Amino acid sequence: MNSKSFLFKVYDAFRISPFLRLAASLIMALICALFITYFFTSCEKAILTESDSDDTEVSAKETGELYVSCSFSQTQSEMTRATTVPLSECANRVQYVIMKDGGIVYNSEQINGGGNSFGTLSVNLEPGTYRLMIFAHNEKNGNPISVGTDGSIQGYNSRTTDSFSYSDEVVITKNKRKAVTCKLTRCVALVNFTSTDVIPTEVTKFRVTLTGISSKYDLRNQIGMDATTYVTGMAELNSDRRSSEGMMSNIHCYVFLPALEKTIDAKFEFYNSANELLLTRNIEGVKMRINSKTSVTGSFFQSDGAEASVTVDSEWGDPINVNADAD
């Protein structure tokens, strides 16, 4: 039988048998479906490569979250239990500084606006070990505190307010949340001067010089960075600085100290309205301690140099008592 006769017989069989026609149609439909599936699958792989998909997944999991909440601790000692208060009750501003490998990777400031977010921070960081440093203070100036590359800070025009700090290492893990509860401690000392004698009529202005305090603060190690001399600007002896009896009061300075406890010297210069120097009073050996208030009380305007009493109040920290002579 030749090939032509065979093809005619096959054609007759398909023409006569409905079953064979149905089977042939199903086979052709299956072949078409497989071809279409292969075509679209090949196009999808060409549009979205395997590497593109992996990069998207990795980038989403490359960082970890650092969540910080702050409060104020009344004590400097970690061994002593102490009540804590919200940071908003003792500070107007808070500065967050995060360092890694000797450089600052994050630096931001919050201003106390009365909301619940003050004293909290959430930031995403790459995995690694960081130094978290926090500085809270009460300066009302519009500019943020300047932070050096070494983690040092300096008050506005070398002037310091009631301030609090924190410093510790934190480890950030990829795709994890690190929550840190920070108890800030007071990092300044306060000295307050009050006279027991009446301000002379001709004295209208004054200037204070403090020797032995720090002009900068090491935020990383939480201590003053140097021992230097600080001179205040010329100030008026107005009603805010006079008691009802006409005595000098409410003359105070917040200072950084280069050690937990330090003895400093103070000098007062009193002037008249023409800025002419009338009187100088030196007080040596004023003992001060971080987180403590030193009160200096005595005769400031008598020429015989009466004794000045110096005490450290227990309102902040532990009390101590020293005496100093006014020239």
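So, in segment 95-142, of the ones that are touching a helix residue (DSSP H, G or I) at 6+ places or on another chain (Cβ under 7 Å) and modelled with pLDDT under 90, which residue ends up least open to solvent (accessible area, probe 1.4 Å)? Here the answer is GLY119. Taking segment 125-154 as the range and being outside any strand (DSSP E or B) and touching a Leu at 6+ places or on another chain (Cβ under 6 Å) as the test, only GLY151 passes. Only a single item in (1) of a type in the set (Val, Ile, Thr); (2) part of a strand (DSSP E or B); (3) open to solvent by 40 Å² or more (accessible area, probe 1.4 Å) is not met by THR201, and it is number (2). For segment 249-277, the tally of residues that are assigned to a strand (DSSP E or B) and under 30 Å from ARG220 (Cα atoms) stands at 11.
Table: residues versus (1) within 25 Å of SER152 (Cα to Cα); (2) of a type outside the set (Asp, Glu); (3) open to solvent by 40 Å² or more (accessible area, probe 1.4 Å).
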position: SER214; (1), (2), (3): yes, yes, no
position: ARG220; (1), (2), (3): yes, yes, yes
position: ASP226; (1), (2), (3): yes, no, yes
position: THR229; (1), (2), (3): yes, yes, yes
position: THR232; (1), (2), (3): yes, yes, no
position: TYR254; (1), (2), (3): yes, yes, yes
position: ILE264; (1), (2), (3): yes, yes, no
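Each residue in segment 282-293 was checked for being out of contact with any Ser or Thr (no Cβ under 7 Å at 6 or more places or on another chain) and open to solvent by less than 10 Å² (accessible area, probe 1.4 Å), and 2 pass. Scanning segment 154-169 for residues that are of a type outside the set (Phe, Trp, Tyr), buried (at least 18 other Cβ atoms within 10 Å of the Cβ) and at pLDDT 90 or above yields SER163, SER165, SER167. Residue pairs whose Cβ atoms lie under 8 Å apart, separated by 6 or more positions or on different chains, with the first residue in segment 92-103 and hydrophobic (A, V, I, L, M, F, W, C) and the second not in a strand (DSSP E or B), are VAL94/LEU87; VAL94/ASN112; VAL94/PHE118; VAL94/GLY119; VAL97/GLY151; VAL97/LEU219; MET99/GLY151; MET99/ARG220. Looking only at segment 170-198, residues that are within 16 Å of the chain's Cα centre (by Cα) and part of a strand (DSSP E or B) come to 9 in all.
The values are calculated or read from the model by the stated rules, or taken from the named source; none is laboratory data. Note that the structure is predicted; figures quoted are calculated from it, not measured. Because the Cβ atoms are built from the backbone with ideal geometry, glycine has one as well, and the counts that use them run over all protein chains shown. Areas reflect the complete protein model, heavy atoms only, side chains present, ligands, DNA and RNA absent. Shrake-Rupley method; radii C 1.70, N 1.55, O 1.52, S 1.80 Å.
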